[in-house]
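The next block holds one structure in the form of structure tokens; read it before the comments.
The values are calculated or read from the model by the stated rules, or taken from the named source; none is laboratory data. Note that the coordinates shown come from a computational prediction; the quantities given were computed from them, not determined experimentally. Here Cβ is always computed from backbone atoms with ideal geometry, including for glycine, and neighbour counts include all displayed protein chains. Note: accessible area is taken over every heavy atom of the protein model, side chains too, but ligands, DNA and RNA are not part of it. Shrake-Rupley method; radii C 1.70, N 1.55, O 1.52, S 1.80 Å.
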Amino acid sequence: MSKSGLLKSSIARKVAMALSAFFLMFFLLQHLTINMTSVFSAGVFNDLSHFMGTNFVVQYLLQPVLIVGVVFHFVMGFVLELKNYKSRDVRYVKYKGGASATWMSRNMILSGLVILAFMGLHFYDFWFPELKIKFIEGDWTGALTEGGEPIRYFDHLTDKFMQPVRVGIYCVSFVFLSLHLLHGFNSAFQSVGANNKYTKALQKFGVAYAILVPLGFIFIALFHHFNH
Amino acid sequence: MKVTLKVWRQKSASDKGKIETYKLDNVEDHMSFLEMMDILNEQLILEGQIPVAFDHDCREGICGMCSMHINGEPHGPDRGVTTCQLHMRMFNDGDTIYIEPFRAKGFPVIKDLVVDRSAFDRIQHAGGFISVPTSGNTQDANATPIPKPDADKAFDAAACIGCGACVASCKNASAMLFVSAKVSQFSLLPQGKVEAKRRVLNMVEQMDKEGFGNCSNTGSCEVECPKGISLENIARMNREYLKASVSSSE
Ligand code: HEM
Ligand code: SF4
Ligand code: FES
């Protein structure tokens, strides 16, 4: 690397932010795919969850990468927000941000903070109990078997979505994720320098992704709420 | 028409500054915004007050000197124009108009509405040039064939007048649109290829040193730019910066 150095320059930080975001967007799609199986088949959902929860590669290779990716993304998000705030030391008395840029693009930190808070709840709901069972109680069987099939994951899922308040929080959080992605998806492509004849089509795809993926998660939460 | 002006007054760089209110009741709607400011200043001089300092030069939208953040937007509410090209017909009788200097850490206020935009000059010095023999044996530029699409894009980028509206409008006070226009204008042409890597690395380094913010792709710059400089230039600069970062030997 030149004297600009890794992450020392604004463009390097911007690209790193985009790369972490690409990874998160890919992960989100994978997460949605597995969750969606719970709508069709408790068995398939359990098997997949059991695989993801106990497979060596997933647990000790992919999961650490994911954790680093998420932490990097929001820490960098805070760093950039702070740096950018300081780049205008005296603020305007009158500033019409909405005249030239979308609400989503100007409030990434806000939508991001909602996602972060949601992730706290999400870990409390699903990840911490999982860690407790696996690492404290030492039970790696995906217990509560029924006819030899692990069913704990599905039960745990439907159990959580019984409470209306929790379902409500989940839905609102995914609306904010959608807002985050409505700007973020295409912003990430622009950050890595992709702006060409495919951009118009990609923008449409980005809008579809940003709406349909969070909507999928909302659908799953509502589905289980009203069906169990 | 009658207007109430809320103008930022600041005696010097070190003064704290504040908004002052002035009333004008003899404004014509075909006046340019700067002509309206001239009337304000004539009135202030007659009243024995100090006129408002503001930047201007060509008054025809080509020099980029006129600045001013008008009612929350650089160069005011119209699109594709500088402040000197903005007409009072864009406002209504009885309007209150806020007039502030461009705000950015990289653009410190000198007096009233005048800001120091020499940060742009320093960025330009860092790499916004090409090296050609100027001894008199210079080859005619026309002798170098250039594909029409490249020439058009370079020309569009070269339309940047360095006004700083992109920085002023950006929520991050980022100078990426300006710098990317200056980088693109040269890198698209064969004459600019020689120093392409060094240029993008050095200009971005200088941009960061001047205290401008990080681009977060809000696109505000493109909307407010009087010369219609496209975000495509920022993507191009990002690409070139990445390539140069990993391949430059310096
Ligand atoms: C954990 C909480 C999160 C926080 C605090 C956060 C914060 C931010 C911020 C502040 C930005 C703007 C960065 C910039 O200046 O360009 C950003 C960009 C982005 N975020 Fe997040 N984010 C979070 C989670 C997520 C998640 C879960 C996803 C996707 C699944 C995501 C996808 C994106 C994308 C695609 C971008 C655009 C990247 C770019 O402009 O290059 N974020 N995030
Ligand atoms: S890119 Fe546009 S707004 Fe920015 S300095 Fe150049 S002409 Fe002005
Ligand atoms: S005074 Fe030259 S562009 Fe406005």
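What whole-number value in Å² describes the accessible area per residue of chain B for a 1.4 Å probe? Provide the component values of the computation, followed by the final result.
On the way: 10950 Å² over 250 residues.
Dividing the accessible area of chain B by its residue count gives 44 Å².
Among A:Val90, B:Val115, what's the order by accessible area (1.4 angstrom probe), most exposed first? It would help to have the intermediate numbers written out before the result.
Numbers: A:Val90 65, B:Val115 5 Å².
Largest accessible area first, the residues go A:Val90, B:Val115.
Computing FRET efficiency as 1/(1 + (r/R0)^6) for A:Asp155 and A:Val71, where r is the C-beta to C-beta distance and R0 is 35 Å, gives about 0.70. Any idea what angle helix A:63-86 forms with the longest principal axis of chain A, computed on alpha-carbon atoms, 0 to 90 degrees, nearest 10? The helix A:63-86 is inclined about 30 degrees to chain A.
Of the residues making up the stretch B:57-85, those losing 10 Å² or more of accessible area when the isolated chain is joined by the remaining protein chains, with a 1.4 Å probe, are B:His69, B:Asn71, B:Gly72, B:Glu73, B:Arg79. Spacing of the modelled spin labels on A:Val79 and B:Ile39, each 7 Å from Cα toward Cβ, amounts to 5.3 nm. Each of A:His50, B:His69 has its accessible area taken with a 1.4 Å probe; listed largest first, they run A:His50, B:His69.
Applying a DSSP loop filter and a limit of 12 other Cβ atoms within 10 Å to the chymotrypsin sites (Phe, Trp or Tyr not before Pro) in the stretch A:40-144 leaves A:Trp140. Report, in degrees rounded to the nearest 10, the 0 to 90 angle that the Cα long axis of helix B:232-247 makes with the longest principal axis of chain B. Taking the Cα atoms of chain B, the angle to B:232-247 is about 40 degrees.
Estimated from helical segments only, the mean residue ellipticity of chain A at 222 nm is -23000 deg cm²/dmol, where each DSSP H run of four or more residues counts as -39500 (n - 2.57). Averaging 1/r across all pairs of distinct Cα atoms in the stretch B:117-246 and inverting the result yields a Kirkwood radius of 15.0 Å. Modelled spin labels at B:Asp95 and B:Asp116, positioned 7 Å past Cα toward Cβ, are 3.3 nm from each other.
Work out which residues of the stretch B:212-250 lose at minimum 50 square angstrom of accessible surface when the other protein chains are put back, relative to the chain isolated, with a 1.4 angstrom probe, and list them by number. In the stretch B:212-250, residues shielded by partner chains: B:Asn214, B:Asn217, B:Thr218, B:Asn238, B:Tyr241, B:Leu242, B:Ser245.
Placing R0 at 35 angstrom, the Cβ-Cβ distance between A:Phe128 and B:Leu242 gives a FRET efficiency of 0.35 after rounding to 0.05.
I'd like the interface area for chains B and A: accessible area of each alone minus the complex, both sides summed, 1.4 Å probe, protein heavy atoms only. What is it in Å² to the nearest 100?
Working: alone 12730 and 14050 Å², together 23060 Å².
For chain B against chain A, roughly 3700 Å² becomes buried.
Once the 1.4 Å probe is applied to the protein heavy atoms, chain A comes out at 53 Å² accessible per residue. Legend: P(r) of chain A from all alpha carbon pair distances, 5 Å bins from 0, whole percents, reading 1, 6, 11, 16, 17, 15, 12, 9, 6, 4, 2, 1, 0, 0.
Within the accessible area of the stretch B:115-187, what % is carbon and sulfur when the probe is 1.4 Å and the other protein chains stay in place?
Values: 1820 of 3310 Å².
It is 55 percent, rounded to a whole number.
The Cα center of the stretch A:62-128 and the Cα center of the stretch B:58-131 differ in position by 30 Å.
With a Cα cut-off of under 21 Å and a minimum spacing of 8 residues unless on different chains, the lysine pairs in chain A number 11. For the stretch A:95-120, accessible area lost to neighbouring protein chains reaches 50 Å² or more, against the chain alone with a 1.4 Å probe, at A:Tyr95, A:Lys96, A:Ser100.
Helix A:199-227 and the long axis of chain A differ in direction by around 30°, with both axes built from C-alpha atoms. Here the spin labels are modelled as points 7 Å beyond Cα on the Cα-Cβ line, and at A:Asp89 and A:Leu61 they lie 5.0 nm apart.
Rounded to the nearest 5, the antiparallel percentage of DSSP beta bridges internal to chain B is 80%.
Percent of accessible area on the stretch A:104-228 owned by carbon and sulfur, 1.4 Å probe? Display every interim value, and only then the final one.
Details: 4660 of 6550 Å².
That fraction is 71 percent.
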